[in-house]
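Remarks on the structure that follows.
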Amino acid sequence: MKKLIAVLFLILSVFSFAEEEYIKGKILYLERVVKNRADQEDGIKETREYSVEILEGVDKGLRVTVEAPIYEESAYNIYIRDNQNVVLYKDNVEDGRSIYYIVDIDKRNSILMIIAIFMGLTIFVAKFKGVKALASLIIVIGIIYNVFLPAISVGYSPILISTGCALLASTITIFMTTGFSKKGVVAILGAVAGVVIAGILSMYFSYKMAMTGFVSVEALNYSNLLKGIKVKEIISAGVILGSMGAVMDVSMSISSALTELHERDKSIKGHEMFNSGMRIGSDIIGTMVNTLILAYIGSGILSTLFIYLQKEQFPLIRILNFESVAADIVRAFAGSIGILVAVPITSYLCSIFIAQSEQND
């Protein structure tokens, strides 16, 4: 869920906030290759000139020659093929001419393709519930993109806003999946309790560790854009939103299972339902905790690799005190604690609102 939201944010960003002009082009063929002189020290091995067709904008249909440098260091190179769509940067020079530069391969079609596969499989497997799940996902993304991000960008508390968004998103998602029912209410309460506790723990340890919130080089480079934003709270806000999906999944699974159990046996007592929920939850925890921690490790695998490659240079005391490492540890374990807490809370709420309420009736 978290990864998909990040991808969709990138897609939305393509259509907004753009001051520089980037347009789509198509590589037709390689015109010629110009070798660089051996005495030049700019790191460029050769320059390739491509014939490119402009596919959008005022110059749509125009064919231009675009230079693409090939560097000695292969990591800097863009691998270009004939008939490939690319992203062009349009630079308007003083004499009225436009010069184009290839800045990247156009990945939008591939992004849309994998999203279409995901949506198609969701509908195929889950039928109408899959449609409702996709609708709730779109609504949740809209809440985060149109409420959470604008609010924290103008100085509101990321923790408070993320908690409100988590409550609203979990309510919408669960009610769209289960309808307005007791098991849905219990699942929401259990999920919110787990997420709030995860957020409180992350906030406590973030302040205890004196974290600044600038957990990456990119954040430091763009620190001027973060003026007026409570950066310290963003770590905790990330834990709240990042763990929301997993905690909600656990709460919904337990609530649904216990509701089904009660439908089968109306005479089940509250303490028996609670014990059943704990046993079900223990099975779920075995995989769900690994899922959340591995998700955080996977999202920062490159940083983890850099640390591993420099393990001889940095002792453990230095590695564990890198803010990026400490922040990932806090995120992973605070979120996992939220999952652990959601199990007994959801089980207990089920024993009250489902089992005992029916007996009282």
>> Would you confirm whether or not the range 242-260 contains a residue that is at pLDDT 85 or above, over 27 Å from the mean Cα position of the chain (by Cα) and open to solvent by 40 Å² or more (accessible area, probe 1.4 Å)?
In response: yes
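Taking A332, is it in contact with a helix residue (DSSP H, G or I) (Cβ under 7 Å, 6 or more places away or on another chain), at pLDDT below 80 and assigned to a helix (DSSP H, G or I)?
On the way: in contact with a helix residue (DSSP H, G or I) (Cβ under 7 Å, 6 or more places away or on another chain): yes; at pLDDT below 80: no; assigned to a helix (DSSP H, G or I): yes.
So A332 fails the test.
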>> I'm checking my understanding of the structure. Among residues of the range 63-88 that are closer than 22 Å to E20 by Cβ and open to solvent by 60 Å² or more (accessible area, probe 1.4 Å), which one is modelled with the lowest pLDDT?
In response: Y76
> Is there any pair with a first residue in the range 21-34 that is in contact (Cβ under 8 Å) with a residue 24 or more places away in the chain and a second that is buried (at least 17 other Cβ atoms within 10 Å of the Cβ) and aromatic (F, W, Y) whose Cβ atoms are under 6 Å apart and which are 6 or more apart or on different chains, and what are they?
Replying inline: I27/Y50; L30/Y50
>> Can you tell me which of (1) free of Cβ contacts under 8 Å to residues at least 40 places away in the same chain; (2) of a type in the set (S, T, Y); (3) assigned to a helix (DSSP H, G or I) is the one S267 doesn't meet?
In response: (3)
> Of all residues in the range 177-200, how many are in contact with a helix residue (DSSP H, G or I) (Cβ under 6 Å, 6 or more places away or on another chain), of a type in the set (A, V, I, L, M, F, W, C) and open to solvent by 50 Å² or more (accessible area, probe 1.4 Å)?
Replying inline: 2
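So that you can scan it fast, the table gives a plain yes or no per residue for (1) in contact with a Ser or Thr (Cβ under 9 Å, 6 or more places away or on another chain); (2) modelled with pLDDT of 80 or more; (3) open to solvent by 30 Å² or more (accessible area, probe 1.4 Å); (4) under 29 Å from L340 (Cα atoms):
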| position | (1), (2), (3), (4) |
| --- | --- |
| S206 | yes, yes, no, yes |
| S223 | no, no, yes, no |
| K227 | no, no, yes, no |
| K230 | yes, yes, yes, yes |
| S236 | yes, yes, no, yes |
| I240 | yes, yes, no, yes |
> Wholly within the range 94-201, which helices (runs of 4 or more DSSP H) include no fewer than the required count, namely at least 2 residues that are within 29 Å of L226 (Cβ to Cβ) and polar (S, T, N, Q)?
Replying inline: 158-178
>> Testing M211 on (1) surrounded by 15 or more Cβ atoms within 10 Å (Cβ to Cβ); (2) assigned to a helix (DSSP H, G or I), one condition comes back false. Which one is that?
In response: (2)
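Being open to solvent by less than 60 Å² (accessible area, probe 1.4 Å), in contact (Cβ under 8 Å) with a residue 60 or more places away in the chain and farther than 16 Å from M248 by Cα narrows it down to one residue among I99, I152, I174, I105; which is it?
Details: I99 fails: in contact (Cβ under 8 Å) with a residue 60 or more places away in the chain; I174 fails: farther than 16 Å from M248 by Cα; I105 fails: in contact (Cβ under 8 Å) with a residue 60 or more places away in the chain.
That would be I152, the only listed residue that is open to solvent by less than 60 Å² (accessible area, probe 1.4 Å), in contact (Cβ under 8 Å) with a residue 60 or more places away in the chain and farther than 16 Å from M248 by Cα.
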> Can you name the residue in the range 157-171 that is under 16 Å from N146 (Cβ atoms) and not β-branched (V, I, T) and, of all such residues, is most open to solvent (accessible area, probe 1.4 Å)?
Replying inline: L168
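Looking at the range 118-132 only, could you name the residues that are surrounded by 10 or more Cβ atoms within 10 Å (Cβ to Cβ) and among the aliphatic types (A, V, I, L, M)? Quick ask: steps written out before the conclusion?
Here is the first cut: in the range 118-132, the residues surrounded by 10 or more Cβ atoms within 10 Å (Cβ to Cβ) are 118-123, 126-127, 129-132.
Across the range 118-132, the qualifying residues are M119, L121, I123, A126, V131.
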> Name the residues in the range 276-327 that are over 23 Å from S243 (Cα atoms), open to solvent by 70 Å² or more (accessible area, probe 1.4 Å), of a type outside the set (S, T, Y) and assigned to a helix (DSSP H, G or I), would you?
Replying inline: L305, F306, L309, L316, I317, R318
>> Being in contact with a Lys or Arg (Cβ under 6 Å, 6 or more places away or on another chain) and over 11 Å from E31 (Cβ atoms) is the filter here; which residues of the range 44-67 pass it?
In response: E46, E53, I54, L55, E56
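The values are calculated or read from the model by the stated rules, or taken from the named source; none is laboratory data. If you're wondering where the values come from, they're calculated on a predicted model, not measured in any experiment. Ideal geometry is used to build each Cβ from the backbone, glycine not excepted, and the neighbour counts take in all protein chains shown. Areas reflect the complete protein model, heavy atoms only, side chains present, ligands, DNA and RNA absent. Shrake-Rupley method; radii C 1.70, N 1.55, O 1.52, S 1.80 Å.
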